[in-house]
Every structure is written in structure tokens, then in C-alpha cells.
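First comes the structure, then the notes that go with it.
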Amino acid sequence: MLVTSKQLFKKAREEHYAIPAPNFIDLESLRWHIEVAEKLNMPVILALAEAHIGENITLEDAALIGKKYADDASVPVVLHFDHGSNPAMIKKAIDLGFSSVMIDASMKCFEENVRCTKEIIGYAHPRGVVVEAEIGHVGVGHNVGVSEGAETDDSRYTTVNDAKTFVEATGVDSLAISIGTAHGLYKGTPQINFERLKEIAAAIDTPLVLHGGSSSGDENLNQCALNGISKINIYTDFLVAAQKEIDETRPENYLTLKAAAKQGMQKCLKHYYSVFATKKN
């Protein structure tokens, strides 16, 4: 069933677990993620990043097939437009039927981030769509060259005061914060600022989101889930898992290659449901 993340996050926050948000980049990956969620009777947040539109799937096709498979699913499915930076594109995703959108204005100044977020909320909320925003800065691992401990500069972390001020000013439904992760892969294991996470979680009631979950370390991610993070985004690890399965099985044709990729991605999602301590519906 297609849902927003509102009730899912409320339960996750109260019971101290996180819900995985795997990116999908085509019809196959979308179907594979839902299959795992149904098999385990778990909720899932299917995320389509703005940057991936046009590579293997259009926004219109993603909305059409996303709504179809979400409606048919036996578990709650959130159709989420991720890392939207173009307001017109975000509004189009809302009009097409996405149940959740992210406005990522984190690279702008604080005041402009607030303004952009309020603009999207003003469009989304009357249409029954929830909005995620981001403050602080989640770095990019450059595939990655991020060595262990590289994200320890305190100025890069979301502050408690900024989180409180932002939530009060915007009324955003969920907030992505920076506590030491980066997009991509790491050379080592990142150092997560768990104290900052606990402080922010205690200061605001808004559900918290973690970006850059791939290769952040199972123990790190488990502790994030137990200490206030309600959603964790994973993308790169699915590609790595698919490639590993392909390399190990050495498929002989397109069909067996696709089967190997499916096996790798589904193993990865099952693994993260366990790591995030996600609870059944």
C-alpha cells in the first residue's frame, strides 16, 4: 500500500529502529526491493534521486510504476523523491503521485534553506505529501578516498540550535542531519558523532534521517537506528552487492546477469533490515 512516512516514522522513533530507504534506478530494482519487504513483512521507503532521472528511468515512469507496485504491495511503501534541488521538479514529483519528497537546499545559507523548504512544504502539505529537508553537510566520498576519521571537523556537523531553529521555522516532516557520514564508499569506517545525534534527538520531536549510509559500518548504523535515526538511505552498497554477485557467479548471458544482480541487491536489503533493527508491521 502506498503511504507517507508520517506514521512509519512515529513508530520507528518510539520503538528505536530505522527503516531502510534503498534507491531504485529502474523497474527491476524497484520490484526487487518490494519483494524483499513483502517477504519479511517490513515497510520500505523507495527513493528515486533527482540525479538519477533520465539515466534508466523518467520521473513519469518512476511515478507510474512506483504507485502501481506500491498500491499492490502487502506492506507499507513510501514513494520518495530524494535529494531534490529543483523546486519545479519536486513539485512535478508531487503532482505525479510521490508520497514523500526531499528538498535539499543544505548547500545554501541557513535562511535560504528555510525559505526553499517552506516553499516546498506550502505546495506539498495541502496535497497530502510529506517533506524532508537537510541541514549541515553530508560530504561526498568520491568513490571515494574518504579515510577513517576524515569527517571529524565539528563545523560540518548539524548543531542542536540549528536543528531546533530550522524545525520551528519550517514545520518540516523529517530532517536529514550531518553526524559524520558521506555519500559513496569509505577507505575506512567513518567516525559518527553519536553524542550530537542523541542531543538533537532529545531536542526535537521531528524524525531524523541519515544520508550516506553505505559502508558506514554495521555497528555504526545499528547505533544510529537505536539512538534516534528513523530512516537510513542506502544506494552505493546495493551496486557493490550486485557487482560482487555478478563477479562470483560469472553469468553467461543477460538473464543470468540480471538474476545475479537481483540476488546481490536483495541480500543487501535483507542484511540492512537486520542491522537497522526494523520491526514488522
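The values are calculated or read from the model by the stated rules, or taken from the named source; none is laboratory data. None of the values given here were measured: they were computed from a predicted structure. We place every Cβ from the backbone using ideal geometry, glycine too, and count neighbours over all the protein chains shown. The accessibility values were calculated without ligands, DNA or RNA, using every heavy atom of the protein model including side chains. Shrake-Rupley method; radii C 1.70, N 1.55, O 1.52, S 1.80 Å.
Summed over qualifying helices (DSSP H, 4 residues or more, each -39500 (n - 2.57)) and divided by its residue number, the chain shows a 222 nm mean residue ellipticity of -14500 deg cm²/dmol.
The phi-based Karplus calculation (6.51 cos²θ - 1.76 cosθ + 1.60; θ = phi - 60°) puts the 3J(HN,Hα) values of region 258-272 at 5, 5, 5, 4, 4, 4, x, 5, 5, 4, 4, 5, 4, 4, 6 Hz, whole numbers, x for Gly and Pro.
For Ile234, the amide hydrogen comes within under 5 Å of the amide hydrogens of Ala21, Asn23, counting only partners 5 or more places away or on other chains and with H modelled in the peptide plane. What distance in nm lies between label points placed 7 Å from Cα along the C-beta direction at Ala259 and Ala88? Here the modelled spin labels are 4.6 nm apart. Of the Cα atoms belonging to the chain, the radius of gyration and Dmax stand at 17.7, 56 Å.
For Thr189 and Leu64 in one chain, what is 0.36 nm times their gap in residues minus the Cα-Cα distance, to one decimal in nm? Working shown, then result.
On the way: separation 125, 0.36 × 125 = 45.00 nm, distance 3.81 nm.
The Thr189-Leu64 span can extend by a further 41.2 nm.
Rounded to whole numbers, the Karplus 3J(HN,Hα) couplings from phi for region 175-181 are 10, 7, 10, 9, 10, x, 8 Hz, using 6.51 cos²θ - 1.76 cosθ + 1.60 with θ = phi - 60°, and x at Gly and Pro.
Computed from backbone phi, the HN-Hα couplings of region 233-239 come to 8, 10, 9, 4, 4, 5, 5 Hz, rounded to whole numbers (Karplus: 6.51 cos²θ - 1.76 cosθ + 1.60, θ = phi - 60°; Gly and Pro given as x).
The Kirkwood hydrodynamic radius of region 1-103, based on inverse pair distances between different Cα atoms, is 13.5 Å.
On full extension of the chain, what length is gained from Cys109 through Lys279, given 0.36 nm per residue of separation minus the C-alpha to C-alpha distance? Intermediate results must be reported in sequence, preceding the final value.
Working: separation 170, 0.36 × 170 = 61.20 nm, distance 3.72 nm.
Separation in residues times 0.36 nm, less the Cα-Cα distance, equals 57.5 nm.
Inter-label distance, Ala202 to Glu14: 2.3 nm, where each label sits 7 Å from its Cα along the C-beta direction. Per residue, region 240-281 exposes 63 Å² of solvent-accessible protein surface, assessed with a 1.4 angstrom probe and all protein chains in place.
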